[in-house]
Every structure is written in structure tokens, then in C-alpha cells.
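The values are calculated or read from the model by the stated rules, or taken from the named source; none is laboratory data. No experiment lies behind these values; they were computed from the predicted model shown. Virtual Cβ from ideal backbone geometry, glycine too; neighbours counted across all protein chains shown.
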Amino acid sequence: MAAHPTAPPQLLATLSGHTDRVWCVSWSPDGTTLASCGADKTIRLWTRDTAPNTWTCKVILEDAHERTVRRVAWFPDGTKLAAASFDGTVSVWRRTASTWEVGAVLEGHENEVKCVDVDQAGVFLATCGRDKTVWIWELMDVGSGGGDAMDTDAGADEGLQPLEFECADLKRGHGGDVKSVVWHPCQPFFVSTSYDDSIRVWAHDPARDEWRCAQELADTASGGSAGHKGTVWNAAFEPMPARRDANAECRLATCSDDRGVIVWSATAAPGATADDPPQFHVQQSLADVHERSVLSIDWSRTGVFATGGSDDAICVYREAGLNHPFERVARVEHAHEGDVNCVTFCPAVGEDGSALMATAGDDKMVRLWTI
């Protein structure tokens, strides 16, 4: 059975303003604001204008980092934004009545921080970096004091208490750079991806009050019959509302230097407790979907997912139906004039069922597409 026909993504707008490569784009939870960051050490916040398909940079967040800002991630309340930098720190910005300010700076990584993500409750941050580590940070009550919290007095001018974070755990398990960390959208666990070709699933162990590696997804871990055969750059969980089957399994898609994508499916392991994450297995491997490394992946609430690669292209994938495999149904050549570093879908779906996607490239541009 063939996949439903899908028109290629249609370019809606090109947003210029960054003065160096753009590494990441991230939508606010309500889909009204797009954050972008890059090698120019700034974060830009874009909002839609009244004119059709027109977006304007309303705010530039700068002077918080000395090197590239590699990743940005929103808190679920939409009032805070975390940024990971090659200067080894993570800044947490918050919106005040009149502007945005740095509410905290997290220090601990030995060198470049590659990614940051925030859990569904807005309490835990996961960060990862070139030092092969994964850190889990906990947001404490504002102004609670005590502990070894990382904070800043950035809010003093407006009488705001600093945001306080404590390092809840530090994990060493990967054998190379850790490229990304991604929280599950509804459950309290996350995955990390690495230069060592593996994905690790991390969950909290309440009995020991620490985070543990619950599963390793790797070619070597599965007897050489599954897993990626190159750096795993990125991962994306399927948004739960996208599934057409109420009893559907949890699914994860990952992308790699091996030019492929793997869709992982998971169910509860026998005897699992409420604190145990599901166990993942390969549902489908899609080989050679790009001509070079696949750098980014994201899953839309409409059921499709997309990838961006170092071949300057973006690709779109769809299932023909339940229990049918994914197929690549669209490809856009020269989506950017250089690597496509990030693809991300807006959480708000159009009235016509369309999905809005943002991409970031080495060409210093942010582009908006509809699918």
C-alpha cells in the first residue's frame, strides 16, 4: 500500500537577521513565537505580523554567552527559555513585564554544551556536551535559598528573585560527544544521542534518588542487527495526539551520520513499575534517506515527520496507515544554501490540517514552510 500523496513543503517566508550560521529553531508552547540561535552568540524571537506570511524579530537576546549558542528550549509555561552554549554554560532567560532577562546561568560542563531540553513539568533540565556527560538540573522554588544552587542576581533591577537550580545528577556513560537530549512529551524520562553511535534512555530511580540508564539503543547492544552505524545527531518523540490508535505504542525517531533514520517503538516491559520507562525496539529502519549526514529530525502533530541534512535538503515521511511502514513522500533540494541544522514543527496545527515547520541553516537564514 503506497503512502498518501504529500505535496512538497511550500516555502512561506525567509527570516534574515543572524550574522552567522543558525544552529537551532524552537517554537514556544503556544506556537506564537519562534526562537532562533546561532554562531553569532544571539537568540532572536520572531512573531507573526498582521501581513500574510510575514514574521518580525521582536527581541534579540544577547551578551549572555561568549561563544556560539547551540540550542534553545522553551519551558512549558512559555515565560522562560534555556540556551546551551559552546562557552560551557547554559543560560535561562525569563520574560518580565517589559523585557527578557537572564534569570540563571548553569555552570559545570568542562567545555561545549551541545544541547538543553526541558521536561514536561518545567522542573528538570537535561544538558549534554562535548565532555561526554549528561547533567540533570532541578529548578528549585524561587528564592528558596540553600543547597549548591546555581543562580544570578540578574533580576535585582526589577525586584525579582533569582531562579535557582541544583544539579540533581551527573551521568557518564557515553563514549563520545553527547549531541542531544530530548524529554518525552508526557512521561518523566528522556533520551540522549551521541558520537558513540548510541541512544540512551534515562529515568529517575526513586529508591536511590538518582537517574539511571534504563536502556541503551545501539548496534553493538543488539548484536549488530539494529541501531545506527554512525553519530546519532538528534531524536524526536512522536506527539501523543498524532497517533490514530488510542492503544498505540510510544515511538521515537532518530537520525544519524549513517544517512538513515530509525523509528523505535516501545511498550512496557514485563513487571515494569510506574517509574520504569518503556522498552524500545526497532520498528523500522529507513536507509539512505539523505545523501549525507542527517542532522535533525522532528515529528508533527499531523503524523508526518521531517529531517534536515548536510546535503542541504529537507525530507518528509508519512505512514500509509496503521501497521504500514513509513515512506519518504517529499524532498526539497537546496532548502538552504548549506547544512540544514534544525527542523522543528509548530505545535499548533492549521485549521486545514496543515503543519508549519521552521528550519535553520548554515546560510544564516531561518525558513518557514507549510506541509
Report task. Within the range 29-57, track down each residue that is at pLDDT 95 or above and among the basic types (Lys, Arg). Result -> Lys41, Arg44
Query raised in the report: Can you tell me which residues in the range 58-97 are at pLDDT 95 or above, more than 20 Å from the chain's Cα centre (by Cα) and polar (S, T, N, Q)?
Result: none
Query raised in the report: For the range 19-43, how many residues meet the condition of being of a type in the set (Ser, Thr, Tyr) and within 14 Å of Met365 (Cβ to Cβ)?
Result: 2
Report summary line: Those residues of the range 30-50 which are touching a Phe, Trp or Tyr at 6+ places or on another chain (Cβ under 6 Å) and charged (D, E, K, R) amount to Arg48
Requested in this report: Being β-branched (Val, Ile, Thr) and surrounded by fewer than 20 Cβ atoms within 10 Å (Cβ to Cβ) is the filter here, so list the residues in the range 69-101 that pass it.
Outcome: Thr79, Thr96, Thr99
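Within the range 307-371, which strands (runs of 3 or more DSSP E) (wholly inside it) include 2 or more residues that are without any contact (Cβ under 8 Å) to a residue 40 or more places away in the chain?
No strands (runs of 3 or more DSSP E) qualify here.
I'm trying to understand the selection: among the residues of the range 161-208, which are aliphatic (A, V, I, L, M) and either surrounded by fewer than 17 Cβ atoms within 10 Å (Cβ to Cβ) or under 15 Å from Thr133 (Cα atoms) (or both)? Give the steps one after another, and end with the answer.
Pass one, the range 161-208, residues aliphatic (A, V, I, L, M): 163, 168, 170, 178, 181-182, 191, 199, 201, 203, 207.
Within the range 161-208, Ala168, Leu170, Val178, Val181, Val182, Val191, Ile199, Val201, Ala207 meet the criteria.
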Requested in this report: Check Gly78, Gly129, Gly122, Gly88 and return the single one that is in contact with a His (Cβ under 7 Å, 6 or more places away or on another chain), farther than 15 Å from Arg172 by Cα and free of Cβ contacts under 8 Å to residues at least 60 places away in the same chain.
Outcome: Gly88
Query raised in the report: Residues of the range 114-138 being crowded, with 24+ Cβ neighbours inside 10 Å and more than 16 Å from the chain's Cα centre (by Cα), which ones?
Result: Trp137
Query - Count of residues meeting criterion [touching a Gly at 6+ places or on another chain (Cβ under 9 Å) and either within 15 Å of Ala313 (Cα to Cα) or crowded, with 20+ Cβ neighbours inside 10 Å (or both)] in the range 340-354 - result: 5
Report task. Could you tell me whether any residue of the range 65-86 is of a type in the set (Lys, Arg) and farther than 19 Å from Thr33 by Cα? Result -> yes
Report task. Could you tell me whether any residue of the range 102-109 is in a loop (DSSP other than H, G, I, E, B), over 30 Å from Ile371 (Cα atoms) and touching a strand residue (DSSP E or B) at 6+ places or on another chain (Cβ under 7 Å)? Result -> yes
Query - Residues that are out of contact with any Gly (no Cβ under 9 Å at 6 or more places or on another chain), of a type in the set (A, V, I, L, M) and farther than 13 Å from Val134 by Cα, drawn from the range 91-120 - result: Ala97, Ala104, Val105, Leu106, Val118
Requested in this report: Please find, within the range 277-316, the residue that is surrounded by the fewest Cβ atoms within 10 Å (Cβ to Cβ) out of those that are hydroxyl-bearing (Ser, Thr, Tyr) and within 14 Å of Ser256 (Cβ to Cβ).
Outcome: Ser285
Report task. For the range 42-66, enumerate the residues that are out of contact with any strand residue (DSSP E or B) (no Cβ under 6 Å at 6 or more places or on another chain) and either closer than 25 Å to Gly129 by Cα or assigned to a strand (DSSP E or B) (or both). Result -> Thr56, Glu62, Asp63, Glu66
